[in-house]
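Trainee: Structure below; questions to follow.
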Amino acid sequence: MPRLDQGEAAKARQANLFLIATGTLSTAHLPFWLNWLSVNRPHYKVTVGLTDSAEHFVSASALTAVTGTPVVANTWETAGRREAVHTQIAADYGGIIVFPASVAFLSGLASGSGTSPFFLAALGTSAPVVIAPSFPPGVAGNPIIAGVLARLNDVPNYHLVETRTGTSRSTGAEAEAAPPFWDVIATFEEATDVAPDSETATAPVNA
């Protein structure tokens, strides 16, 4: 697991990120993490996209206030117009972060689902896609989920972040929870610093 660079040069980095939040309880903490990011990476611009299920756990108005950019809904319909949301996301951002990534989102992405703009954006981008899973108790050990994660790991520009062992709020049982956001950002920065065919080349990041 890469470690977050806390030096002054790292704080001067610039990036334009699209963050997809899905329907997990960990999503309720997203305003805290985005506020942390604004302090530690003040030149990162973040646009948040909420899946329908994520809207049950966090307020779009709170996320807009923290990031300074409007939240994007996971739909093609905007004010009665049908827009190519997925191609805009894939083309305009230097990275996509899925945090937290629910079982439903992981499974849909691994199957190549094209049922929503966020799936298609993650499937169509050549930029790093950093995925931070969050699992209910017992799910992470299911062979089906192991297959889902293996399939995502096979995609060259996809980067899975290791979960952290925690306690389920609903049952008190052990669960594999979403990692802290600094692990996610460290993974993104490592992916942009090292090109696929070199250990020293630096890949450009859209800003």
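The values are calculated or read from the model by the stated rules, or taken from the named source; none is laboratory data. Here the structure is a predicted model, which is why all the values come from computation and not from measurement. Because the Cβ atoms are built from the backbone with ideal geometry, glycine has one as well, and the counts that use them run over all protein chains shown. Areas reflect the complete protein model, heavy atoms only, side chains present, ligands, DNA and RNA absent. Shrake-Rupley method; radii C 1.70, N 1.55, O 1.52, S 1.80 Å.
Trainee: In sequence order, what are the phi-derived ³J(HN,Hα) couplings for segment 6-12 according to the Karplus relation 6.51 cos²θ - 1.76 cosθ + 1.60 with θ = phi - 60°, rounded to whole Hz, with x for glycine and proline?
Mentor: 9, x, 5, 4, 5, 5, 8
Trainee: Now, a different point. Give me the percent of the accessible area of the chain that comes from carbon and sulfur atoms, probe 1.4 Å, all protein chains in place.
Mentor: Taking all protein chains in place, the chain shows 53 percent carbon and sulfur surface.
Trainee: Okay, next question. Could you compute the net charge surrounding N16? Neighbours are other residues with a C-beta less than 10 Å from the C-beta of N16; K and R count +1, D and E count -1.
Mentor: Taking every other residue near N16 into account, the sum is 0.
Trainee: Next question, about the same structure. What list of ³J(HN,Hα) values in whole Hz, one per residue of segment 178-193 in order, does the Karplus curve 6.51 cos²θ - 1.76 cosθ + 1.60 (θ = phi - 60°) give from phi, with Gly and Pro shown as x?
Mentor: Each residue of segment 178-193 in turn: 4, x, x, 5, 5, 5, 5, 5, 4, 5, 4, 5, 5, 5, 7, 7 Hz.
Trainee: Whole-Hz ³J(HN,Hα) for each residue in segment 25-42, computed from phi via Karplus 6.51 cos²θ - 1.76 cosθ + 1.60 with θ = phi - 60°, x for glycine and proline: what do you get?
Mentor: Once rounded to whole Hz, the list reads 4, 4, 4, 4, 8, 4, x, 4, 5, 5, 5, 4, 5, 5, 7, 8, 9, x.
Trainee: In the set (1) 71, 40, 24; (2) 67, 40, 36; (3) 44, 43, 31, which value of Cα extents along the principal axes in Å was calculated from the structure you see?
Mentor: Label of the calculated value: (3).
Trainee: Summing -39500 (n - 2.57) over the DSSP H runs of n ≥ 4 in the chain and dividing by its residue number, what mean residue ellipticity at 222 nm do you reach, to the nearest 500 deg cm²/dmol?
Mentor: Roughly -9500 deg cm²/dmol at 222 nm, from the helical runs in the chain.
Trainee: Continuing with the same structure: As a test question: what accessible area, to the nearest 10 Å², does W182 have when a 1.4 Å probe is rolled over all protein chains in place?
Mentor: 110
Trainee: Continuing with this model, one more query. Under 5 Å between amide H atoms, partner at least 5 residues away or on a different chain: which partners does G49 have, H built in plane at 1.01 Å?
Mentor: So G49 has HN proximity to L19, I20, A21, V72.
Trainee: So with the 1.4 Å probe, I'd like the accessible area per residue for the chain, rounded to whole Å².
Mentor: Per-residue accessible area for the chain comes out at 49 Å².
Trainee: Give, rounded to the nearest 20 debye, the magnitude of the charge dipole that the chain has about its Cα centre when Lys and Arg contribute +1 at Cβ and Asp and Glu contribute -1 at Cβ.
Mentor: With Lys and Arg at +1 and Asp and Glu at -1, about 400 debye.
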